[in-house]
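Attaching a single structure in structure tokens format; questions to follow.
Nothing in this text is a laboratory measurement; each read-out follows from the coordinates by a stated rule. In this text the structure is predicted, and so the values were computed from the model without any measurement. Here the Cβ positions follow ideal geometry from the backbone for every residue, glycine too, while neighbour counts run over all protein chains shown.
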Amino acid sequence: MGAQKSIHAGKARIDVNVDLTHKLCAALMPPSLLRRSGLFSEVIARLCIKHPNLFGRSEKLDVMWDKGLCDSNLLITFRRPRSLSLSQQSFVVQHSITPEIGVLGVPLEGFTHSGGCGINLRRFSMGVDFSEPPSSHWSSTTSVKLEHISPINDEGRPIDRDLDGFLVTCSGNSHDNMVVLKQEAQYAIADERSFTRLNFQIDQGLPVLSKWLIFNRVKLVISKGVKLGPAFLVTR
């Protein structure tokens with residue numbers, strides 16, 4: 001079940017999209033979900049709100065909320081063009097809950113399930129992105145964000161130790177904090193018969209406080225696509 005509505009606010013138009021799906025087949029649901037009470041826990045939903053000109057200067061506001069059976073994600077993005085350039089500045093706030101069964105515990109009962117089932121990661125982050133105007137085939141984005149991450153159970157209570165009594169966070173508390181500086185560059189070239197894409201990403205955890213996470217992460221992805229008849233063959 002879904003609905004779509006466009007609301008006019010002054011000279012701008014706000015697009016609202018709502019999708020609702022109720023899962024009726026309980027036999028396909030994991031036991032951890034069956035233990036949850038309430039009809040709303042079995043609903044899959046998506047809500048999208050977009051405002052293309054919030055303050056009359058081409059500012060864009062996007063609100064997206066996704067709810068699954070085991071996960072949820074709320075993303076709020078406010079974008080505004082930077083003066084005298086084609087670059088863009090974005091303020092991003094995100095709250096998500098994702099299942100992480102493999103984080104804790106060991107396989108039990110002939111590997112049919114994990115002793116750490118019911119483990120979720122709750123993540124709250126806020127930060128700013130700076131997107132430079134694309135030059136030729138290149139584009140780049142720099143972002144700085146603060147992240148607050150905590151492991152929780154299905155009832156939403158914090159978890160600080162695993163089945164063996166060891167701490168599951170680096171700080172020793174029920175949560176970990178970090179400031180992440182991210183630099184991403186992408187090169188893409190395409191024509192009617194093929195395309196090539198290169199994505200290079202560097203993440204740096206900044207040591208703002210002694211117990212905050214410090215890390216370095218480098219990721220390089222190269223994709224190549226070739227058209228074969230009506231379809232594309234993509235390799236990485």
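Need the full-extension length gain, L228 to M64, defined as separation in residues times 0.36 nm minus the C-alpha distance. One decimal, nm.
55.5 nm
Calculate, for S210 and A190, the FRET efficiency according to 1/(1 + (r/R0)^6) with r their C-beta to C-beta distance and R0 41 Å; round to the nearest 0.05.
0.30
Right, another one. Report the net charge of residues surrounding V208, where surrounding means a beta-carbon distance below 13 angstrom and charges are Lys +1, Arg +1, Asp -1, Glu -1.
Taking every Cβ under 13 Å from that of V208, the sum is 0.
Can you give the net charge of the other residues whose Cβ lies under 12 Å from the Cβ of R217, counting K and R as +1 and D and E as -1?
Net of charged neighbours comes to 0.
Hey, another quick one. Net charge around R197, counting only other residues with Cβ within less than 12 Å of its Cβ (Lys, Arg = +1; Asp, Glu = -1)?
Surrounding charge for R197 is +2.
Tell me the label-point distance for the pair S87, D154, using the 7 Å Cα-to-Cβ offset, in nm and rounded to one decimal.
Rounded to a tenth, the inter-label distance reads 4.8 nm.
Assuming R0 = 30 Å, what is the FRET efficiency of Q183 and E100, from their Cβ-Cβ distance, to the nearest 0.05?
Working from the Cβ atoms, E equals 0.70.
Would you please give the FRET efficiency between W138 and R57, computed as 1/(1 + (r/R0)^6) with r the Cβ-Cβ distance and R0 = 35 Å, to the nearest 0.05?
Given R0 = 35 Å and the Cβ-Cβ separation, E is 0.80.
Listed here are the pairs K67/K219; K60/K145; K60/K211; K67/K145; which of them are more than 26 Å apart at the Cα?
Flagged as over cut-off: K67/K219; K60/K211.
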